[in-house]
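Colleague: Dropping the structure in here first, questions after.
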């Protein structure tokens, strides 16, 4: 009985998950009789509520490569805290290999301004307002990994407050104050 309930719960979670195909690469192995072709797929999955994952799959046929990549992506999902369910709490940078990604929180109505690989990650995550800039390589594998590196650095005010022994309201009040650490305040 418990196993059936667990399977039903897993099916409910899987039905909410959205997947996006980021990139397909055709590779060839040269053999005596000619070439053997294979396919590699990069897939991003997410529930559009703060969980996202990516996977890479290789097979002789495209649908099989996509299935493998999707299965791997579901296993490696991470949770990212979102502000008001629409944007990031703070700016962040991530890098992988020669690729760097800069993510910036944006006001309502901005939309997702990002390149294709970064956009796929952010849309499946459920972010609605963010500005992203990718620097260095445009390789989709490195861009996705760099984006995940930036997202893993995201912290909510509640998490920061618990680390510092403060209240979340104190952290949020500091963000809303006009003067930040880098501003120069003139005294009369």
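Colleague: Within the stretch 83-92, which residues are surrounded by 19 or more Cβ atoms within 10 Å (Cβ to Cβ) and in contact with a helix residue (DSSP H, G or I) (Cβ under 9 Å, 6 or more places away or on another chain)?
Modeller: 88, 89, 92
Colleague: Then there's this: Taking the criterion of being buried (at least 19 other Cβ atoms within 10 Å of the Cβ) and assigned to a helix (DSSP H, G or I), would at least one residue in the stretch 93-103 satisfy it? Explain how you work it out, then say what you get.
Modeller: So the first thing to find is which residues in the stretch 93-103 are buried (at least 19 other Cβ atoms within 10 Å of the Cβ), and the list is 94, 96, 99-101, 103.
Okay, now just the ones that are also assigned to a helix (DSSP H, G or I), so none.
The answer is no, given that none of the residues of the stretch 93-103 is buried (at least 19 other Cβ atoms within 10 Å of the Cβ) and assigned to a helix (DSSP H, G or I).
Colleague: Could we say that residue 44 is closer than 24 Å to residue 128 by Cβ and at pLDDT 95 or above here? Write out each step before concluding.
Modeller: On the way: closer than 24 Å to residue 128 by Cβ: yes; at pLDDT 95 or above: yes.
The answer is yes for residue 44.
Colleague: Here's another thing I want to ask about it. Checking the condition surrounded by 18 or more Cβ atoms within 10 Å (Cβ to Cβ) and in contact (Cβ under 8 Å) with a residue 60 or more places away in the chain, which residue from 120, 40, 132 passes? Walk me through it before giving the result.
Modeller: Details: 40 fails: in contact (Cβ under 8 Å) with a residue 60 or more places away in the chain; 132 fails: in contact (Cβ under 8 Å) with a residue 60 or more places away in the chain.
Going through 120, 40, 132 in turn, just one is surrounded by 18 or more Cβ atoms within 10 Å (Cβ to Cβ) and in contact (Cβ under 8 Å) with a residue 60 or more places away in the chain: 120.
The values are calculated or read from the model by the stated rules, or taken from the named source; none is laboratory data. Predicted, not measured: the structure shown is a model, and the values here were computed from it. For neighbour counting, all protein chains shown are included, and Cβ atoms are generated from backbone atoms with ideal geometry for every residue, glycine included.
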